[in-house]
Amino acid sequence: MKSLFIDCNDQLAPVWQRVLRDGDPTIDVHRKPFAAADLPQLLDGYDICIDDHSYLPTQFVERCDRLKHVVFLGTGASSYMNVDELAQRGIAVHTIKGYGDTAVAEHAIALMFACCRDVSRMDREVRAGTWSPREGVQLAGKTLGIIGVGGIGHEVLRIGGGLGMQVIAWNRTPLPDAPLVPLDKLLPQADVISLHLALTDATRGFLAPAQVARMKPGVILINTARGALIDEAALIEGLRSGHIRHAGLDVFHAEPLRPDHPLAGMDNVTITAHAGFRTVEASMTLLRRAIDIVSRIVAERF
């Protein structure tokens, strides 16, 4: 079986070399940019595709005659491909969980601090010649509301408690070890809300206009999960009105974020480039697990 890592970038390439082991199946690596329409030609002859974060539209993937497996580097494959449609065409999508829980949690906390102290805005202003110290928000003693208590949410809960915050949480299923409250209680009580849900049909648009309106005035909103969990128009309106004091966003409805997008022009938005999981430690774990999945598929085939 032939395998191709379809979108290895300059950051991942040296990590990829570090995690390869003797005895691993041969996996070709493609590092040049490509358009979605190029997929049938690019994947011609390949049975397995490793995908970092490239879009794989069904209309092009279904023309890849030999392709039977997609190994997605992360958990959010549904943001980049229609998993059900691919399954109907005999293409299995494999995701990788838990590789970067600590990395993403630390990034969420970093965004939290940056938002509360207007770090990005002051950085831009000082570089432009304006010295204007800004009053921030102190986190100790504030209420942190965590929506979604999986591996990442648990880590944010742990770190938030260590910062002296009162932590409350909402989860779709009961958890005996988490301070769970109803969503209608969390939204108006939390000074900071950090979102950690997986994106599914049930959670798409989870924070709709009604939920955004119920948030505490002046709330800090952090999203390192998926952009589509939040109604974008409601988010923008909340930021413009000041109902949301500041948002720290690592994910967006469409990526990369256009420089002319409304969110990109707001001083009360701190933006990062879907980098929450990008640490050397997490990337090594992620790529090694991807290779192990390919190894298992090849072994089962033969």
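The values are calculated or read from the model by the stated rules, or taken from the named source; none is laboratory data. None of these values were measured; they are calculated from a predicted model. Note that each Cβ is placed from the backbone with ideal geometry, even for glycine, and that neighbours are counted across all protein chains shown.
Sort through S120, S78 and tell me the only one that's assigned to a helix (DSSP H, G or I), in the same structural domain as R288 (by TED's automatic domain parsing) and in contact (Cβ under 8 Å) with a residue 40 or more places away in the chain.
On the way: S120 fails: in the same structural domain as R288 (by TED's automatic domain parsing).
Matching residue, one of S120, S78: S78.
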remark   = Going through (1) touching a residue at least 60 places away in the same chain (Cβ under 8 Å); (2) outside the structural domain of N82 (by TED's automatic domain parsing) one by one, E237 fails only at (1)
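Within region 81-102, take every residue that is assigned to a helix (DSSP H, G or I) and of a type in the set (V, I, T) and give me the one that is nearest to the chain's Cα centre (by Cα).
Step one: of region 81-102, the residues assigned to a helix (DSSP H, G or I) are 83-88, 101-102.
Next, from what is left, pick out any that are of a type in the set (V, I, T): 83, 102.
Details: V83: 17, T102: 13 Å.
Once the filter is applied, the top-ranked residue is T102.
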ask   = Taking only pairs six or more apart or across chains, which ones have beta-carbon atoms under 7 Å, a first residue in region 83-102 that is within 25 Å of T279 (Cβ to Cβ), and a second residue that is surrounded by 14 or more Cβ atoms within 10 Å (Cβ to Cβ) and of a type in the set (D, E, K, R)?
value = I96/R289; Y99/R289; D101/E155; T102/E155
remark   = Residues in region 47-65 that are touching a residue at least 40 places away in the same chain (Cβ under 8 Å) and either farther than 27 Å from S283 by Cβ or surrounded by fewer than 21 Cβ atoms within 10 Å (Cβ to Cβ) (or both) total 4
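Take the conditions in a loop (DSSP other than H, G, I, E, B), surrounded by 17 or more Cβ atoms within 10 Å (Cβ to Cβ) and touching a residue at least 12 places away in the same chain (Cβ under 8 Å) and apply them to D7. Does it pass?
Yes: the conditions hold for D7.
When you scan region 103-114, do you find a residue that is out of contact with any Lys or Arg (no Cβ under 7 Å at 6 or more places or on another chain) and part of a loop (DSSP other than H, G, I, E, B), even just one?
No; the residues of region 103-114 include none that is out of contact with any Lys or Arg (no Cβ under 7 Å at 6 or more places or on another chain) and part of a loop (DSSP other than H, G, I, E, B).
Can you say whether D123 is over 14 Å from I220 (Cβ atoms), modelled with pLDDT of 95 or more and acidic (D, E), as far as the supplied structure shows?
Working: over 14 Å from I220 (Cβ atoms): yes; modelled with pLDDT of 95 or more: yes; acidic (D, E): yes.
Here the answer is yes, as D123 does meet what is asked.
So which of L197, L180 ends up being farther than 22 Å from N268 by Cα, more than 20 Å from the chain's Cα centre (by Cα) and surrounded by 14 or more Cβ atoms within 10 Å (Cβ to Cβ)?
Values: L197 fails: more than 20 Å from the chain's Cα centre (by Cα).
Only one candidate passes the filter, namely L180.
Out of V156, V137, I need the residue that is surrounded by 12 or more Cβ atoms within 10 Å (Cβ to Cβ), on the phi < 0 side of the Ramachandran plot, in contact with a strand residue (DSSP E or B) (Cβ under 6 Å, 6 or more places away or on another chain) and aliphatic (A, V, I, L, M). Which one? Reasoning before the result, please.
Details: V137 fails: in contact with a strand residue (DSSP E or B) (Cβ under 6 Å, 6 or more places away or on another chain).
Of the residues listed, the single one that is surrounded by 12 or more Cβ atoms within 10 Å (Cβ to Cβ), on the phi < 0 side of the Ramachandran plot, in contact with a strand residue (DSSP E or B) (Cβ under 6 Å, 6 or more places away or on another chain) and aliphatic (A, V, I, L, M) is V156.
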Residue tally, condition touching a strand residue (DSSP E or B) at 6+ places or on another chain (Cβ under 7 Å) and of a type in the set (S, T, Y), over region 33-67 = 1
note = Within region 123-179, the count of residues that are over 30 Å from I96 (Cβ atoms), charged (D, E, K, R) and not in a helix (DSSP H, G or I) comes to 3
Positions within region 49-75 being touching a helix residue (DSSP H, G or I) at 6+ places or on another chain (Cβ under 7 Å) and part of a helix (DSSP H, G or I), in sequence order = T58, F60, V61
key: First in region 270-295 and touching a residue at least 12 places away in the same chain (Cβ under 8 Å) and under 12 Å from I27 (Cβ atoms), second anywhere and among the acidic types (D, E) and part of a loop (DSSP other than H, G, I, E, B), Cβ under 6 Å, 6 or more apart   = I291/D24
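For region 193-226, give me each residue that is hydrophobic (A, V, I, L, M, F, W, C), closer than 14 Å to R245 by Cα and in contact with a helix residue (DSSP H, G or I) (Cβ under 6 Å, 6 or more places away or on another chain). Don't jump to the end; show me each part of the working.
If we filter region 193-226 for residues that are hydrophobic (A, V, I, L, M, F, W, C), which is where we start, we get 193, 195, 197-199, 202, 206-208, 210, 212-213, 215, 219-222, 225.
Next cut, closer than 14 Å to R245 by Cα only: 193, 212-213, 215, 219-222.
Across region 193-226, the qualifying residues are V212, M215, I220, I222.
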query = From the set of residues in region 49-73 that are touching a Pro at 6+ places or on another chain (Cβ under 9 Å) and not charged (D, E, K, R), which is farthest from E85 (Cα to Cα)?
reply = C64
